[in-house]
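Data block below; observations after.
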Amino acid sequence: MSVSPPTVDAVRYAAIEDRLAALLRTRHDTLVIGGEAILALEALARGVGGPDTHALNVVTGPYGAMMGHWLGASGGEVRTIEAADGHAIGASELSAALAERPTDVVCVVHGEAATGVVNPLAELAAVTRAAGAVLLVDAVASVGAEPLELDALGLDAVVIGPQKAMGGPAGVCGLRADDRTWELIDRNPAAPRDSILSLADLRDRWLRGGRRTLPFVPHHLEMLALDQALGRLESEGLNAVVARHRRARDATRAGLAGLGLKLWVADDIEAAAVATLVRPPAGIRPDAVLARMRLPAVVEAAPGALAGAALRVMHNGPAASQHAALEAVVAIGDALAQLGVTVDLTPALAAAQAAWAARAATS
């Protein structure tokens, strides 16, 4: 019996998946999924979160909290380790929680764009492996901004979002999954089937079908944008992209601290390379600062519940640059001056430039 040749679209999509896998240096199944990354995150959580699943969810921001909700949607146990504001969860905290009772799944957000916190993924992965649990990682904000050795760290399932540090589109996302992840999904009686959230259907109809015919409506423009973003990343080099994000983070933090402002994440080692949150001076609301900004800086109110407490500087993708970091410091400093706060931009900008240069020298 003859087998039909793969469609032109299937060949193109498979090549982009292979290109993403190569960039991430992984040999495990790598899927590109149509839709914003929240789709893959929910599909993954509901896929592994069955009624008999015992999950431990690391929460350092709103994205982690969402994963816990989906993991427990089918009635399985979900325990939570929640970090204090502006802090990560360390290996000792995770180890203590895992020692309490057997756990099937650990879920962690690597870098939190909402809070500017980065969790120590290598340490958390080692602890999870030692406990025999499957590790789910939300790397939407961290891929391209933080070191992310998927295979070397033994990560089981990782959701990728190209719209932040990768400088790509928001209309597609990626999932990398190993055999242990698929085994959890296969034994979960509540895992979605015949649904846009069904990862098992996508695996069976696409991967196991030899990637010959697309099992979904094509999303050509988003895939083209992703392919172009991957080309830019390959040209610059993923390690160089990560280094650039770290320089932008360091410059932004140094400049804002030089203005006399309090950083939401006080410890440098816990600060994410994708975004920095900062508190305005006492008595001044973030929206008042934003209303007086005159530069097109990448500054906005912090998302969600933090909107009334902090400003957020997004130094990711094309904005992971020295110029953008300096512009953000000037924009915030100028707005504060208009509000009657005494600021001195000269030392703040000097601190930002010195931090950029220092990180560049060690990269």
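For the stretch 199-345, averaging the sequence separation of C-alpha pairs within contact (under 8 Å, six or more residues apart) and dividing by the residue count gives a relative contact order of 22 percent.
Mean separation of Cα pairs under 8 Å and 6 or more residues apart, divided by the residue count, gives the stretch 151-192 a relative contact order of 36 percent.
When DSSP beta bridges are restricted to pairs lying wholly in the chain, around 55% turn out antiparallel. Working from Cα pairs under 8 Å separated by at least six residues, relative contact order for the chain is 18 percent.
In the stretch 226-320, which trypsin sites (Lys or Arg not before Pro) fall in coil by DSSP and have 12 or fewer other Cβ atoms within 10 Å?
Of the trypsin sites (Lys or Arg not before Pro), the ones in loops of the stretch 226-320 whose Cβ has at most 12 other Cβ atoms within 10 Å are R294.
Looking at the stretch 4-163 alone, DSSP beta bridges between its own residues are antiparallel in about 10 percent of cases. Taking 0.36 nm per residue of separation and subtracting the current Cα-Cα distance, fully stretching the chain between R187 and D268 would add 25.0 nm.
Distance from the Cα centroid of the stretch 220-271 to that of the stretch 108-164 is 16 Å (rounded to whole angstrom).
Label point of S235 set 7 angstrom out along Cα-Cβ; within the stretch 168-201, amide nitrogens under 16 Å from it belong to 168-169. Helical runs assigned H by DSSP (4 residues or longer) give the chain a calculated mean residue ellipticity at 222 nm of -13000 deg cm²/dmol, each run adding -39500 (n - 2.57) before division by the residue total.
For A15 and H69, the FRET efficiency from 1/(1 + (r/R0)^6), where r spans their Cβ atoms and R0 equals 30 Å, is about 0.25. Of the beta bridges in the stretch 69-187, as assigned by DSSP with both residues counted there, near 40 percent are antiparallel.
Subtracting the Cα-Cα distance of R205 and T7 from their residue separation scaled by 0.36 nm leaves 69.9 nm.
Computed from the coordinates by the stated procedures, all read-outs in this text should not be read as laboratory data. Keep in mind it's a predicted model, so treat the numbers as computed, not measured. So basically every Cβ, Gly included, is an ideal-geometry build from the backbone, and we count neighbours across all protein chains shown.
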